[in-house]
Every structure is written in structure tokens, then in C-alpha cells.
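For reference, the structure is listed below as C-alpha cells.
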Amino acid sequence: MELNIGQIRRDFPILTQKVFGKPLIYLDNAATTQKPLSVIRKIEDIYSTINANVHRGIHHLSQLATESHEEARKTVQRYINAASPGEIIFTSGTTDSINLVAHSFCRSQCKPGDEIIITTMEHHSNIVPWQIQRDISGIEIKVAPLRENGEICLEDVEELISSKTRLIAIAHVSNVLGTINPVAGIIQLAHDYNIPVLVDAAQSIQHLPVDVQALDCDFLAFSAHKMYGPTGVGVLYGKERLLEKMPPYRAGGEMIAHVSFEKTTFNELPYKFEAGTPDYVGSAALGKAIRYIENLGLDKIHRYEDRLLQYATDRLLQIEGIQIIGTSPHKSSVISFLVGGIHPYDMGMLLDQLGIALRTGHHCAQPLMDALGIEGTLRASFAFYNTEEEIDILVEGIGKVVKMF
Ligand code: PMP
């Protein structure tokens, strides 16, 4: 049986809203997804029943809150098929996860002149942390180029590999182009040279099955809020062997084994990297979001979203003067586009008046915009609660805006 979209939509209260008197058409899912009632209720439930700080008290509520938090870690472990819960580090999101690796990996594994490879299509959060490390640790950053249709090729990555390469950090799916990068091939290639790979899964974790052991990636970063979960919580997966070699990123409570003024020893994994009170409400709500996705089935989600992508691509291409940015045959449900000479911001504002929420701008990927020779795009990004009817209204809306110009 395929997904029952009508029923699914009823799980998302926000979708019944009107914006400027028009039914909300939410097509900004790559920025953040909406939340099902089960996730919203989980947050309320924790604050109403078991709220207490975790890992600290022997009292009843603290035990329950700790169990809930650690259960969520196991849910994440199962979802990405990590080998152990110790490899799941709760962070505040993808950005925080990448910063953790950049800081801790470079500090412990890199010397001046060593190289990190990224790609042209990276989000700022997979560029700027490395630039900061360039200033602190003296590393160099090499950038794999973009091919014509918005793809990264293995040969181009291989050409950048040298005896000084210490890590490759790459997005699984581009938040602008929608391209699904050949990460499995890149990981294999990198491992041939003994180089670990960090996968930024912010845009893949909610659309595609991600099995860290099958992929054999060394680090994986993602955010709960892009996968129907709450804001403010995310995950860094790391292979135990690598995490053990890395020093703590932040310091304070939770991450210590023993503290004296002379010397501090650090906690075991994953707590070594989780300083301070963790977002134990967010982690439990993320667990709920994962169960929501699992109940629908990622295979069904992928099939349905792929159909939306094809439908939207075909319908958009019927608009005169439209240019779709990113035309790889391997795409997730993200479409960036420009229409004639109309500024994306103007188009986005006018579509907003019609109740249609799209993203406009550089999408935190300014170097990609520079490589494409554009300032920004409009971006429609779809989730499993979107429909072909909504895409029809989008296309109609674009037609109306074009007529106004
Ligand atoms: N990487 C990619 C590919 C993204 O799309 C995003 C969010 N737009 C991020 C990283 C950063 O995610 P967050 O803001 O949740 O940390």
C-alpha cells in the first residue's frame, strides 16, 4: 500500500492554516520540516510528566528522563544502523556536529599544510568551520569542482587527493541543487587512500535510507528539525575508533570522569562530547520523529517524493523562461529555479501573498552561487505531505507573477 497523504496531512496541524486567506502551501521543507502531532505531544508530555535533569539524580524523575534520553539515542542508532549507542553524539544540529569534527579532528589529527577536501556545493556549515581551522591549525582547503548538471565526480575528487589529505567532507544531498552525491563511491575511493569521510546528511536523512555501516562513512551529521523533529537538536555519528582519538570539543559538566584543579579526566563515549545539560526533551521528540518516518516507511516516502519531484519538474518546465538550476538525474525532492529576469526575492514575495512558502536567496551556499554566476534562486523543496495539487497551484501562481512583470 502506498502512502495515504490525506491521512498524513491530518497529523500535521500547521498544514490546515491559511496564510493571507489562502491555504498554506508549504514548500520550504529543505529549510525545516513541519512537525506531526506525535512529536509535538512528546514535548508536552515530557515537560508534564518526567522533566528532570538527566544522568545526575538518583531520584525517580531523573531516572525516567535519563531512560527516555538514552532510548532516543538507541532509536537514532537503529535508524542509521550505527554499531553502538556510543557512536551517537547528540549535538544542537548539523552545524554543531560539523564544528565538533572540524575542531576536534583538526586539533588532534592535522598539522599545518594538511588538507581537507570539500566540494563547491557545500552549505556554509561545511565550509566556514574548515576555514576557521585553516586559521587555527594551518590546514588547507581544497574544493572539488561542480560539473555542468550540478554533479560532483569521483575523478575530480580523486585528482585533489594527495599524501596530505586528512579528511573529505561532503554533502550527501545538495540543499540547492538537489543532487544526490555519489557518497558511497567517494567513501570507497577515500578509504583506498586511508582518508576518512564526513557526510553532511542534513538533506538526505529524511528522504533516503542511510546505513552508516553499509556506507562505511566515518562521520555523519544531521539535524532533527529537517526530519520532522524539534529544533535545537541534532546528531553526530562517528566511528568509535576515530572518536576515541579525538579530544573533547566543549568542556563542562557531563563530559568529565573526574575533575580536580590540577587535572581533569574525560568521560567515555558519547558523553565526552556532550558537555552540559543535553536537550533530553529534543532527543525524545527526535526519537518520535524517527518512529513517525519508520511507520510510513522510507521506501514509500522516497517513491512518493520522487514522483512529486518528477511531476514538479515537468510542470515547471512548461513555464516559459524558466531555468532549473541542478539537472542531475540523481536528485532528491529539491528544485531551484529562476524565471526570466524576475528577481527571486520579488517572485518569492508575490508567491507568499498566494499562501505559497518558497525559499529565496543563496540558501547558505554563496560559493556555489558564485560558481553558477548567479545571486540566488527560488527553491521549492517537497516533503511527503505535499501534493500534486499544491504543485499545480505553485505553477499557476508563478504564471500569475510572470504576467504582472
Ligand atoms: N548542511 C546542509 C546541506 C543543509 O541544508 C543545512 C541546513 N540548510 C545545514 C547543513 C545546516 O543545518 P542546521 O542549520 O540545522 O545546522
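The values are calculated or read from the model by the stated rules, or taken from the named source; none is laboratory data. Please read these numbers as outputs of a predicted model, since none were measured by experiment. Ideal geometry is used to build each Cβ from the backbone, glycine not excepted, and the neighbour counts take in all protein chains shown. Each accessible area value is taken on the protein alone, full model and side chains, heavy atoms only, with ligands, DNA and RNA left out. Shrake-Rupley method; radii C 1.70, N 1.55, O 1.52, S 1.80 Å.
Can you give me the C-alpha center-to-center distance between region 1-67 and region 206-238, rounded to a whole angstrom?
18 Å
Take the alpha carbon atoms of region 301-373, find their center, do the same for region 86-151, and report the distance between the two centers in whole angstrom.
Cα centres, region 301-373 to region 86-151: 27 Å.
In degrees between 0 and 90, to the nearest 10, how far off the longest principal axis of the chain does helix 94-109 point, with axes built from Cα atoms?
Rounded to the nearest ten degrees, it is 40.
Test of understanding: in a Gaussian network model of the chain with alpha carbons linked when under 10 Å, which of GLU148, GLU390, GLU240 would top the mean-square fluctuation ranking?
GLU148
Would you mind getting me the FRET efficiency between ILE374 and PHE405? Use the beta-carbon distance for r and R0 = 25 Å, nearest 0.05.
Efficiency, rounded to the nearest 0.05: 0.90.
GNM, the chain, Cα, under 10 Å: largest mean-square fluctuation among LEU296, LEU368, LEU308?
Highest fluctuation among the options: LEU296.
For each pair in LYS18/LYS226; LYS42/LYS272; LYS111/LYS263; LYS22/LYS74, compute the distance between the two Cα atoms and list the pairs where it is over 31 Å.
Result: LYS22/LYS74 exceed 31 Å.
To the nearest 500 deg cm²/dmol, what mean residue ellipticity at 222 nm is calculated for the chain from DSSP H runs of n ≥ 4 alone, each contributing -39,500 (n - 2.57), summed and divided by the residues?
Taking each H run of at least 4 residues, the total per residue is -12500 deg cm²/dmol.
Considering only the other residues whose Cβ falls under 11 Å of the Cβ of LEU37, what net charge follows from Lys and Arg at +1 and Asp and Glu at -1?
+3
Which whole-number value in Å² is the accessible area per residue of the chain, probe 1.4 Å?
For the chain, the solvent-accessible area averages 43 Å² per residue.
For region 110-208, with all protein chains present and a 1.4 Å probe, just round the carbon and sulfur fraction of the accessible area to a whole percent.
For region 110-208, the apolar C and S fraction of the accessible surface comes to 49 percent.
Across the chain, how large is the tail of the calculated P(r) beyond 42 Å, expressed as a percent of all Cα pairs?
Considering the chain, 14 percent of its Cα-Cα pairs are separated by more than 42 Å.
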